[in-house]
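First up is the structure itself, then whatever we jot down about it.
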Amino acid sequence: MSNPDRLLSFSEWMAENNRTYYARKAPGKEGDFITSPLVHRAFGEAVARQIMEMDEQLGHPDPFLLIEFGGGSGQLALDILKCLAEESPRLFGRLSYGISDFPESIKHFQERFENELPGALNNVTFLPPFSPELARKIPNLPGCILANEFLDALPIHLIVKRDTEYREIFIGEQGEKFEIIELPPSPAVLHFIETNHLDLQDGCFAEINLEMQSWIRTVSSSLQRGFVLVLDYGGPGKELRSDRYPQGTLRGFKNHRLTDVFTLQLGEGDWTSDIDFSILARLAKKEGFSVTGYSTQGNFLLGLGVAERMPIFRKKDLNLDELKEHLAMKFLFHPEGMGNAFNVLGLHKGMDQPRLSGFSLRQEKL
Ligand SMILES: C[S@@+](CC[C@H](N)C(=O)[O-])C[C@H]1O[C@@H](n2cnc3c(N)ncnc32)[C@H](O)[C@@H]1O
C-alpha cells in the first residue's frame with residue numbers, strides 16, 4: 001500500500017475499536033469475556049469491605065467519594081452498594097458514587113439501578129468515559145478511586161525494537177484493507193520510553209500506555225486524599241519485558257477465545273494488554289501517591305476474608321447451588337483460577353502509612 005487513505009497510530013486505531021465494541025457489548029457469558037464481579041458477588045463484597053476500612057482510616061468523611069472507572073455490566077457497583085447498604089448503612093448514606101463508561105453502558109447501568117437498587121440512585125452519578133477533562137466533573141473530595149479491568153482496555157501505542165532503534169507501529173488504511181507500517185516513534189512515545197528506561201531486546205514488541213499516565217494525573221487531581229485501587233492483569237515491568245513476551249501482551253477476545261487483534265474486524269472483539277504495575281506505581285508517585293500495597297488478586301481476597309465466607313464454613317454437606325457457589329468463590333482467589341492472573345495495586349495520598357487488610361497476607365515485588 002504506497003499511499004494509504006488514512007494513517008493512524010495503533011492507539012487511534014484501538015480507540016476506534018473500543019468505541020464500536022463497548023457500545024455493542026458488555027462483559028458476561030453473552031459477551032466475549034468474563035470478569036471477576038460476574039463470577040461471584042463475593043468479589044464486590046470484598047472490595048466493599050476494603051472500602052469500609054478506607055472510610056475508617058480517612059475518619060469517615062462526608063461525603064465519601066467513590067469513583068469507578070469502566071463500570072462494565074454495572075455488577076461491581078451493585079454488589080458494592082448492596083453490601084455497604086447492609087453492613088455499613090452510615091457509609092452508604094455518605095457515599096457519592098460516580099461510574100464512568102461509554103454512554104451505551106451508562107444507559108444500561110441506569111436501567112439496572114432502577115430495577116435492582118432504586119434506593120441507591122440518589123447516591124450515584126453517571127459519568128462520561130475517561131478523558132483528562134473528566135476531572136472537572138469530579139468534586140475534589142476524600143475517598144477512593146476504583147479501576148477493575150479498566151486500564152488494560154485503554155488504547156495503547158505499540159513499539160518494536162529494530163537493531164538498536166525503536167519503531168512505532170502505525171496503521172495505513174485504504175478502503176477495507178489495512179497495512180502495518182513501522183515509523184519513528186512520536187515524541188510522546190519516545191519520551192515515555194526514555195523516562196521509563198524501557199530496554200527491549202532486538203525484535204521484541206511492547207505496549208506504551210500513555211492514557212494510563214494521563215489517567216493517574218486526572219485521578220490525582222480529583223482525589224483530595226484517600227486511596228486508589230487498581231485490579232488488573234499485568235505485572236512488574238521486568239516480567240513483562242522479558243523473553244516470555246517477545247510479541248508484547250496485546251491480545252483480543254472473541255467468544256471467550258484468545259485471538260490475534262489483527263485478525264479481527266474493528267469493533268468485533270475486546271482488545272486488551274497487560275498493565276506494567278512498576279510503571280504505574282512510578283507514575284503515581286510523581287503525582288503525589290505512595291504505594292499502600294501490591295499483591296495477587298488471590299491474596300488480596302483472602303486477606304479480606306473471602307475464604308471464611310464460603311458455604312463450606314457454614315455447613316459440611318453442600319447442595320448443588322451451594323457447591324456452585326463454593327466453586328465460583330474459589331475460582332476468584334485460587335492460583336489456577338483468577339487468583340494469580342490478576343494483581344492489585346493500592347495507592348494512597350494525604351495519609352500516613354495506612355494499612356489495608358487486602359495487603360495484609362502477602363505482597364509481591366513491584
Ligand atoms: C474489561 S471491561 C471491565 C468492566 C468492569 N470493570 C468489570 O470488571 O466487569 C472494560 C470496561 O471499561 C470500559 N471502558 C473502556 N474505555 C473506557 C474509557 N475511556 N472510559 C470509561 N470506561 C471505559 C468499557 O466500556 C468496559 O465496560
Rg ratio (alpha-carbon, reference 2.2 N^0.38 Å) - the stretch 152-199: 1.30
The stretch 19-156: D in µm²/s via Stokes-Einstein (Kirkwood Rh, Cα pairs, 37 °C, 0.692 mPa s)? 215 µm²/s
Segment residue 125-residue 7, extension gain: residue separation times 0.36 nm, minus the distance between their alpha carbons: 38.7 nm
So what does log10 I(q)/I(0) come out to for the stretch 130-228 at q = 0.17 Å⁻¹, using the Debye formula with one equal point on every Cα and no solvent? -0.87
Which is the longest stretch in the chain that no exposed loop site breaks, taking sites as trypsin sites (Lys or Arg not before Pro) with a DSSP loop state and at most 16 other Cβ atoms within 10 Å? 30-243
Rg in Å to one decimal, and Dmax rounded to a whole Å, for the stretch 70-134 via C-alpha atoms: 11.7, 35
If you place +1 on the Cβ of every Lys and Arg, -1 on the Cβ of every Asp and Glu, and leave all else neutral, what size is the dipole of the stretch 6-359 about its Cα centre, to the nearest 20 Debye? 680 debye
Relative contact order %, the chain, counting alpha carbon pairs below 8 Å whose residues are six or more apart: 20 percent
Whats the longest run of the chain with zero GluC sites (Glu not before Pro) that are DSSP loop and have at most 13 other Cβ atoms within 10 Å? 177-366
Estimated FRET transfer efficiency when R0 is 41 angstrom, pair residue 217-residue 87 (beta carbons, to 0.05): 0.75
For the stretch 1-48, inverting the pair-averaged 1/r of distinct alpha-carbon atoms gives a Kirkwood value in Å of 13.7 Å
What number in nm² do you get for the chain if you take the convex hull of its Cα atoms and divide its surface by four? 18.8 nm²
Note the full-extension length gain between residue 312 and residue 336 as 0.36 nm times their separation in residues minus their Cα-Cα distance, in nm to one decimal. 6.7 nm
Hey, how much of the P(r) for the stretch 165-271 falls beyond 15 Å, as a percent of Cα pairs? 75 percent
Could you derive backbone 3J(HN,Hα) for the stretch 230-237 from the dihedral phi with the Karplus parameters 6.51, -1.76 and 1.60 (θ = phi - 60°), listing whole Hz in sequence and x where the residue is Gly or Pro? 10, 10, 6, 8, x, x, x, x
Backbone N under 17 Å from the residue 321 label point (7 Å along Cα→Cβ), restricted to the stretch 23-59: 40-42
For n ≥ 4 DSSP H runs only, could you compute -39500 (n - 2.57) per run for the chain, divide by its residues and tell me the 222 nm figure to the nearest 500? -10500 deg cm²/dmol
Directionally averaged projected area (convex hull, Cα atoms, the stretch 256-358), nm²: 10.0 nm²
Residue separation times 0.36 nm, minus the C-alpha to C-alpha distance between residue 20 and residue 260: what's the value? 84.6 nm
Between residue 360 and residue 163, what is the label-point separation in nm under the 7 Å Cα-to-beta-carbon projection? 5.8 nm
Principal-axis tilt of helix 10-24 within the chain, Cα atoms, nearest 10 degrees: 40 degrees
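Each reported figure results from applying straightforward, stated rules to the coordinates on display, with no laboratory input. Note that the coordinates shown come from a computational prediction; the quantities given were computed from them, not determined experimentally. All Cβ positions, even for glycine, are placed from backbone atoms using ideal geometry, and neighbour counts span all protein chains on display.
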